[in-house]
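For reference, the structure discussed in these notes is given below.
The values are calculated or read from the model by the stated rules, or taken from the named source; none is laboratory data. Quantities reported herein were computed from a predicted structural model and do not represent experimental measurements. Neighbour counts are summed over all protein chains in view; Cβ atoms, including those assigned to glycine, are modelled from backbone coordinates with ideal geometry.
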Amino acid sequence: MWDGEKMAAAVVQMSCLYRGMLAVRATGIRPLIPGLVPSQFRAFSMKKEPELEENPYYSKYEEKIRKLRSSKPQEYKVRMEKRREVKTEPLGQSKQAEFVKYMEKQTLGSILNLDMVQEKSGSDIAELWMQYFSKKDTISAVIPGSTFDIIFGRAKSCPTFLYALPQKEGYEFFIGQWAGHELHFTSLINVQTMGENAPSQLILYHYTDLQKDKGIVLMTAEMDSKFVTVHQAQCLANQVQLFYGSQRLETFRLVETFNHQPAEFKHMAVIAELEQSGIGSAVTTK
């Protein structure tokens with residue numbers, strides 16, 4: 001679950017940029033934590049807010065927004081007012097509380113027989129891991145332990161970032177935030193309209209059980225296939241490596257700016273970095 005109150009400092013500044021952000025053209029999977037919605041709610045004509053009406057991805061989330069407006073009209077009104085009025089505050093000066101409640105803890109032992117792999121090498125385990133998940137409707141990765149140390153070390157000081165997901169008609173923006181070894185993603189518009197009721201649409205799980213002995217960290221994911229495809233999930237996962245694991249300090253500086261100097265953050269710099277890397281090209285061609 002996402003805490004809209006805590007995320008306000010990070011996302012409210014983006015409101016005034018919506019039109020420009022989502023008009024940019026690109027050159028180049030089961031529900032996780034569903035919000036509680038009453039079984040009965042009255043239907044009415046959905047009036048789009050001016051800021052949302054301009055957003056080409058509004059229709060993708062229209063049903064969720066409509067349910068919030070119908071079941072909790074006052075709460076919806078408050079959220080929209082906060083979205084317009086809350087002043088930004090550097091995240092470095094605010095407490096980064098968890099904005100998601102942990103799902104039931106998943107362990108590596110529930111996926112992999114740890115006793116049986118103790119005698120295998122890291123490369124053998126990596127091969128088994130990738131073969132297993134190649135048959136699943138999800139993504140997976142084997143991350144060198146030293147690389148994960150860099151990524152996770154940076155995540156501790158900069159747990160939140162804005163990711164750009166290329167689409168045929170432009171870019172859809174996602175907020176990603178670390179919670180322990182889990183990285184939760186949800187659409188920016190989802191956070192802005194649903195607040196703490198916004199579900200995680202993609203969760204990356206990083207298992208460090210074998211890092212010390214085998215030198216690898218195993219990753220897999222859960223996703224809401226209604227909003228995120230496997231190819232899109234892979235694109236977001238690759239961006240974590242790009243922005244948190246890059247040896248180019250200029251690239252990671254975008255993450256630092258978003259977390260500690262949000263007023264100076266430029267979303268176009270994220271898009272430029274993404275296009276330069278070529279990561280998003282495979283998504284737009286699918």
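Taking the conditions exactly as written (part of a helix (DSSP H, G or I) and closer than 22 Å to HIS267 by Cα), does GLY195 satisfy them or not?
Criteria met by GLY195.
Counting just the residues of the stretch 117-135 that are surrounded by fewer than 12 Cβ atoms within 10 Å (Cβ to Cβ) and charged (D, E, K, R), which one comes out modelled with the highest pLDDT?
GLU119
Is it the case that some residue within the stretch 155-168 is of a type in the set (S, T, N, Q), part of a loop (DSSP other than H, G, I, E, B), at pLDDT 95 or above and touching a helix residue (DSSP H, G or I) at 6+ places or on another chain (Cβ under 8 Å)?
Residues of the stretch 155-168 of a type in the set (S, T, N, Q): 157, 160, 167.
Add one more test, that the residue is part of a loop (DSSP other than H, G, I, E, B), and what stays is none.
The answer is no; no qualifying residue exists.
Out of the helices (runs of 4 or more DSSP H) lying entirely within the stretch 221-286, which hold 3 or more residues that are modelled with pLDDT of 95 or more and touching a Cys at 6+ places or on another chain (Cβ under 7 Å)? Full working, then the answer.
Working: elements: 230-245, 249-260, 267-277, 281-284.
Correct list: 249-260.
Just to be sure, is ILE175 surrounded by fewer than 23 Cβ atoms within 10 Å (Cβ to Cβ) and within 21 Å of ALA269 (Cα to Cα)?
no
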